[in-house]
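Asks: I'd like to ask some things about the structure below.
Since every read-out is calculated from the coordinates, none of them should be taken as a lab result. The structure displayed is predicted, hence computed values, not measured ones. Neighbour counts are summed over all protein chains in view; Cβ atoms, including those assigned to glycine, are modelled from backbone coordinates with ideal geometry.
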Amino acid sequence: MITDRDDSYVNILVQPIRVCAAYKPKLGHGAKAGMTLTDFQNIYRNDPFYAWFGLDNPLMYAAHKAAGGMTSIYRQIGIGCERLFRQIIQDEIGLTPEESNWSYTIRGKSKKSRTLSLDARIPLTAVQDRGKKQRIAIWMREAAKDLKVSPNIIQALQGIVFEIRQGYKSKDSKRQNADIANAATAYSQAYLPCVLVLSTQIDEDIFTRYHAERWAILTGQLRNADSKTSSYHFVREIIGYDLAGFFERHAATLREEVATVLEALLRAE
């Protein structure tokens, strides 16, 4: 059933995706706006080696544009999902934008301050509905128990912080190390860290490493799952919103938006 919020939620998702249609490759030249086909051909034709191999071919430019643009599509879908999840918990739980965000400041060796953050937060003290507050608290403590978190820490937990991903297949060790540091800080501030992945695409090694670091992990399973394993079960049963139903209702619109971007990216001009 389409709700009054559907149009707003669809807009939150598609606005970042539309940005991808204007993607232009930089090709190592640092151009802020990226290179046009003419820029690309001027550079490659004036490079004897590339010219000998015919790499100034417009299809080579299209390949560069498509490769970078498709990476951008994944990234922008992820950004849209982050924004959507924050909006859902604000609408369903009654959180303010400030309450649904989480960040902290650290000082490096140079003593310069840096602000780090995760994508969303549910602080129990801000949940006014008693039933939802109880559901969230029970889920949080059971998830922490499954992770073999110390009972003393479990009793002290005051909420959940989330890293939202469309998928997680990157082997970027810097990103993983940052997330592990985020988890340690979350526990020090009495929050359970949770990775919420909207697809089923998560690397097995990453899953194992994060689980060992006491991250609760939810993925995009729909069947043979529950609220402690599935992002969609969690959002429906614990938060109170049928996110899978929303995606199903608007799949045609989302497919059309992505198809339009892909068509633009696969053209040489």
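Asks: Given Cα pairs under 8 Å that are at least 6 residues apart, what percent is the relative contact order of the chain?
Replies: About 20 percent, as a whole number.
Asks: At 222 nm, what helix-only mean residue ellipticity would the chain give, in deg cm²/dmol to the nearest 500, using -39500 (n - 2.57) for each DSSP H run of four or more?
Replies: Computed mean residue ellipticity for the chain: -16000 deg cm²/dmol.
Asks: Rounding to the nearest 20 debye, state how big the charge dipole of the range 94-219 is about its Cα centre with +1 on each Lys and Arg Cβ and -1 on each Asp and Glu Cβ.
Replies: 440 debye
Asks: Let me ask you something else. Which whole DSSP H helices in the chain pass both tests: a Cα extent of 30 Å or more along the axis and a mean Kyte-Doolittle value no lower than -1.0?
Replies: Going by DSSP H runs, the hits are 58-93.
Asks: Also, I was wondering about something else. What FRET efficiency comes out for the pair residue 96/residue 266, r = Cβ-Cβ distance, R0 = 45 Å, nearest 0.05?
Replies: The pair residue 96/residue 266 has a calculated efficiency of 0.60.
Asks: Continuing with this model, one more query. For the range 151-269, taking Cα atoms only, what is the radius of gyration to one decimal and the Dmax to the nearest whole Å?
Replies: According to the Cα coordinates of the range 151-269, Rg and Dmax are 17.0, 61 Å.
Asks: Rank 147, 95, 55 by mean-square fluctuation in a GNM of the chain with C-alpha springs under 10 angstrom and give only the top-ranked residue.
Replies: Of 147, 95, 55, the most mobile in the Gaussian network model is 55.
Asks: Test of the criteria: in the range 25-125, which chymotrypsin sites (Phe, Trp or Tyr not before Pro) are in a DSSP loop and have at most 15 other Cβ atoms within 10 angstrom of their Cβ?
Replies: Passing sites in the range 25-125 are 53.
Asks: Given the options 174, 228, 132, which has the most mean-square fluctuation in a GNM of the chain, springs set between C-alpha atoms less than 10 angstrom apart?
Replies: Result: 174 has the largest fluctuation of those listed.
Asks: Which whole-number percent gives the relative contact order of the range 94-219, counting Cα pairs below 8 Å spaced six or more residues apart?
Replies: With pairs under 8 Å counted, the relative contact order is 23 percent.
Asks: Cα convex hull of the chain: how many Å³ per residue?
Replies: Value for the chain: 168 Å³ per residue.
Asks: DSSP loop trypsin sites (Lys or Arg not before Pro) in the range 1-106 with at most 10 other Cβ atoms within 10 Å of their Cβ, which ones?
Replies: 32
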